[in-house]
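Q: Sending over a structure as structure tokens; questions will come in a sec.
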Amino acid sequence: MRVNDYDIIITGAGCAGMQLMRAFIQDPLYKNQRILLLDDGKSAQQLKSWCFWFTEGEHPYQHLIRKQWDYLTIGTDSHQQTNFINPYKYGYINSSDFFDFHFRLINQHPHVHYRNELTIGALKTENGFCITTDKAIYQTNHFFSSSWNQKAVSKQASIYLQQQFYGWVIKTAQPVFNENSATLMDFCVNQQQGMSFIYLLPFSTDTALVEFTSFTDKHYDNQHFEVSLADYINIRFKTSYSILKNESAVIPMTDFCFSRFTEEGGVAIGTAAGMIKPTTGYAFNRILLDSVYLAKQVLSENKIKGFQKTRFHFYDRLLLKLLEKKPKEARNILQTLFNSISYQRILQFLDEDTHLGEEVMLFSKLPKKSFIQTIPELWKQPASITIPAMHT
């Protein structure tokens, strides 16, 4: 094996690794620093859908948005509520488009390399970091890692749920979908355990991604999801359909305090840095903002700061505890939220872009008893430890 020197090494070339690489090469301070992305080859293979809300014309990945919606729908026990979300739009990026774009970007920059290798070790040295893979040894000044130890996090966290989802892209015999509105949550499904809902992205009047989603600590097999999806489609749309493809994933929902840095002293990114919003599962825009910040700090030779807890962390813990202990009440709170507050304000709140006065007004519209009863259970602070970038 041979030693190769790089200015920056990123282990994991998924959503976070690719966005960070792009943030580096787009920063005005980038001067052809050598960047290496290491990945075992699995990141680009999984079919995923990344969605987020944005202001049209201002999103750095606008060119990759395959479909966008001007309206959002929430389904409750009594009705379907659809609202205009201007100035926001809700956008969808297909993972295959995302990775094709970033691999083209890598090919256009001779100082950026991608290698399909399994990272097996990382060590802090006097001059930076030594990264060992199954094929080579690399030396770098700056080390970024998207690896995280799910087992360690689940054991240390005081709350650890999973957002499990399984979906079909279907084509229906009749035009049954409102292609101008994406359905964030339709609660009109069987609530066996935890909280469940349907997430629906209509690409046209007869084609849509329909996903069954559960917030739970119980693992469901694909058969459970398939039966639930079939029941929902048959009852809600009353049409025959064909399944074009499927996708599935499990997203952690936890109050675990992820560290900015790995145990080896590298910088954690993506899920490993807690970029997934604990109560929603949204991560794409949070990763984007974090990537821009990290690139600017490194290229300007400024210190990367650790994470600071905010009141939003408390809000997340509060809802997570309700989802864990009282999922029915959590479901009622979410339905009340969308019935009582403008969708624009809710999206702004989920972006953690509201001020305290707006948040007080928002919470004043919600049932207070459940929150008051749950607060005492949050006095125990969640764990905060560094996670090794490499683990078995």
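The values are calculated or read from the model by the stated rules, or taken from the named source; none is laboratory data. This one's a predicted model, so the numbers in the text were calculated from it and none came from an experiment. Counting neighbours? That spans all protein chains shown, and the Cβs are built from the backbone with ideal geometry, glycine included.
Q: Give just the number: which of (1) hydroxyl-bearing (Ser, Thr, Tyr); (2) without any contact (Cβ under 8 Å) to a residue 24 or more places away in the chain; (3) not assigned by TED's automatic domain parsing to the domain that holds TYR138 does THR82 not satisfy?
A: (2)
Q: Restricting to strands (runs of 3 or more DSSP E) lying wholly in segment 1-97: which have 3 or more residues that are over 17 Å from the mean Cα position of the chain (by Cα)?
A: Strands (runs of 3 or more DSSP E) meeting the threshold: 3-11, 35-39, 67-69, 71-75, 80-84.
Q: Looking for something of a type in the set (Phe, Trp, Tyr), outside the structural domain of GLY14 (by TED's automatic domain parsing) and at pLDDT 95 or above - is there at least one such residue anywhere in segment 145-167?
A: No, segment 145-167 contains no residue that is of a type in the set (Phe, Trp, Tyr), outside the structural domain of GLY14 (by TED's automatic domain parsing) and at pLDDT 95 or above.
Q: Right, here's the next one. If the requirement is being surrounded by 14 or more Cβ atoms within 10 Å (Cβ to Cβ), more than 26 Å from ILE10 (Cβ to Cβ) and under 18 Å from the mean Cα position of the chain (by Cα), which of these qualifies: LEU318, LEU337, LEU322, LEU347? Please lay out each step first, then the result.
A: Numbers: LEU318 fails: under 18 Å from the mean Cα position of the chain (by Cα); LEU337 fails: under 18 Å from the mean Cα position of the chain (by Cα); LEU322 fails: under 18 Å from the mean Cα position of the chain (by Cα).
The match here is LEU347.
Q: For residues that are hydroxyl-bearing (Ser, Thr, Tyr) and buried (at least 19 other Cβ atoms within 10 Å of the Cβ), scanning just segment 134-170, find the one that is nearest to ILE8 (Cα to Cα).
A: THR140
Q: For segment 244-284, enumerate the residues that are of a type in the set (A, V, I, L, M) and within 30 Å of PHE203 (Cβ to Cβ). If you could, list the steps in order and put the result at the bottom.
A: Our first condition is that a residue be of a type in the set (A, V, I, L, M); within segment 244-284, this holds for 244, 249-251, 253, 267-269, 272-273, 275-276, 283.
Result: LEU244, ALA249, VAL250, ILE251, MET253, MET275, ILE276, ALA283.
Q: Can you list the strands (runs of 3 or more DSSP E) lying wholly within segment 130-209 that have 2 or more residues being within 30 Å of LYS238 (Cβ to Cβ)?
A: Filter on segment 130-209 gives 160-172, 181-186, 195-202.
Q: Name the single residue that is farthest from GLN62 (Cα to Cα) among those in segment 100-133 being of a type in the set (Phe, Trp, Tyr) and surrounded by fewer than 19 Cβ atoms within 10 Å (Cβ to Cβ).
A: PHE103
Q: Taking the stated definitions as given, is LEU72 of a type in the set (A, V, I, L, M, F, W, C), in contact (Cβ under 8 Å) with a residue 24 or more places away in the chain and closer than 30 Å to GLY266 by Cα?
A: Details: of a type in the set (A, V, I, L, M, F, W, C): yes; in contact (Cβ under 8 Å) with a residue 24 or more places away in the chain: yes; closer than 30 Å to GLY266 by Cα: no.
Judged against the criteria, LEU72 is not a match.
Q: So, one more: Restricting attention to segment 330-380, and to residues there that are over 25 Å from SER78 (Cα atoms) and β-branched (Val, Ile, Thr), which single residue is modelled with the lowest pLDDT?
A: My answer is ILE375.
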